[in-house]
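*Asks:* Let me begin by handing over the structure; questions about it come next.
The values are calculated or read from the model by the stated rules, or taken from the named source; none is laboratory data. Keep in mind the model is a prediction, meaning the values are calculated, not measured. Positions of Cβ are generated from backbone atoms using ideal geometry, with glycine treated the same way; all protein chains shown enter the neighbour counts.
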Amino acid sequence: MICSRCQELILKGEEMDYWGEILCEDCYVDVISVPKTCDVAAVYSAKSARKQVGHTGTEGLTDLQKEVYEYVKANDGKVPFETLMKKFQLSDTEMRRIFAPMRHCELLKGTMIDGVPYCLIMEGGPGSIGIE
């Protein structure tokens, strides 16, 4: 059997059914676990954890997250998500997984500009909104 998303071979008995779509385990996990960017609890947790370990700015991010952040910063603080996905060769799912933690850390945010989704540097810089 072949995964309908990634086209990889799935061994008999290991296929997953998601709304009639036959998926491998990796693709199934991707479709059911899309990270939420607007999550107040995640923002609080991320900021608290960063404060506790003394991380500021991009400390604690993966190398790829740092590259994405620096790219957005170097491009007037706003870049269309599609441009980021092309530049860093990311799928939509991968972009969401990379972006969500940076949103939770209040480093980047998303917004629509003229109907196009953009990634922006958070005003005030990294982690500018303090935990009270």
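*Asks:* Of the numbered conditions (1) among the polar types (S, T, N, Q); (2) surrounded by 15 or more Cβ atoms within 10 Å (Cβ to Cβ); (3) in the same structural domain as GLY110 (by TED's automatic domain parsing), THR62 fails exactly one; give the number of that condition.
*Replies:* With (1) among the polar types (S, T, N, Q); (2) surrounded by 15 or more Cβ atoms within 10 Å (Cβ to Cβ); (3) in the same structural domain as GLY110 (by TED's automatic domain parsing) applied to THR62, the lone miss is (2).
*Asks:* Name the single residue that is surrounded by the most Cβ atoms within 10 Å (Cβ to Cβ) among those in the stretch 1-59 being within 30 Å of LEU107 (Cα to Cα) and among the basic types (Lys, Arg).
*Replies:* Of the residues in the stretch 1-59, the ones within 30 Å of LEU107 (Cα to Cα) are 26-59.
If we keep only those that are among the basic types (Lys, Arg) as well, we get 36, 47, 50-51.
Numbers: LYS36: 11, LYS47: 18, ARG50: 20, LYS51: 13.
Top of the filtered list is ARG50.
*Asks:* Those residues that are small (Gly, Ala, Ser) and over 18 Å from the mean Cα position of the chain (by Cα), I need them from the stretch 8-48; list them, please. Don't jump to the end; show me each part of the working.
*Replies:* Filtering the stretch 8-48 down to residues small (Gly, Ala, Ser) leaves 13, 20, 33, 41-42, 45-46, 48.
Residues satisfying the conditions are GLY13, GLY20, SER48.
*Asks:* Could you tell me which of the residues TYR44, TYR118, TYR28, TYR69 is touching a strand residue (DSSP E or B) at 6+ places or on another chain (Cβ under 6 Å), of a type in the set (Phe, Trp, Tyr) and either in contact (Cβ under 8 Å) with a residue 60 or more places away in the chain or more than 30 Å from ILE2 (Cα to Cα) (or both)?
*Replies:* Numbers: TYR44 fails: touching a strand residue (DSSP E or B) at 6+ places or on another chain (Cβ under 6 Å); TYR28 fails: either in contact (Cβ under 8 Å) with a residue 60 or more places away in the chain or more than 30 Å from ILE2 (Cα to Cα) (or both); TYR69 fails: touching a strand residue (DSSP E or B) at 6+ places or on another chain (Cβ under 6 Å).
Among TYR44, TYR118, TYR28, TYR69, only TYR118 is touching a strand residue (DSSP E or B) at 6+ places or on another chain (Cβ under 6 Å), of a type in the set (Phe, Trp, Tyr) and either in contact (Cβ under 8 Å) with a residue 60 or more places away in the chain or more than 30 Å from ILE2 (Cα to Cα) (or both).
*Asks:* Go through (1) in contact with a Pro (Cβ under 7 Å, 6 or more places away or on another chain); (2) modelled with pLDDT under 95 and name the single condition SER91 misses.
*Replies:* Of (1) in contact with a Pro (Cβ under 7 Å, 6 or more places away or on another chain); (2) modelled with pLDDT under 95, only one is false for SER91: (1).
*Asks:* Being over 17 Å from the mean Cα position of the chain (by Cα), at positive phi, surrounded by fewer than 11 Cβ atoms within 10 Å (Cβ to Cβ) and of a type outside the set (Lys, Arg), is that true of even one residue in the stretch 83-104?
*Replies:* No, the stretch 83-104 contains no residue that is over 17 Å from the mean Cα position of the chain (by Cα), at positive phi, surrounded by fewer than 11 Cβ atoms within 10 Å (Cβ to Cβ) and of a type outside the set (Lys, Arg).
*Asks:* Residues that are of a type in the set (A, V, I, L, M, F, W, C), at least 2 per element: which strands (runs of 3 or more DSSP E) completely within the stretch 31-132 meet that? Before you say what the answer is, go through the steps one by one.
*Replies:* Working: elements: 78-80, 108-113, 116-121.
Hits in the stretch 31-132: 108-113, 116-121.
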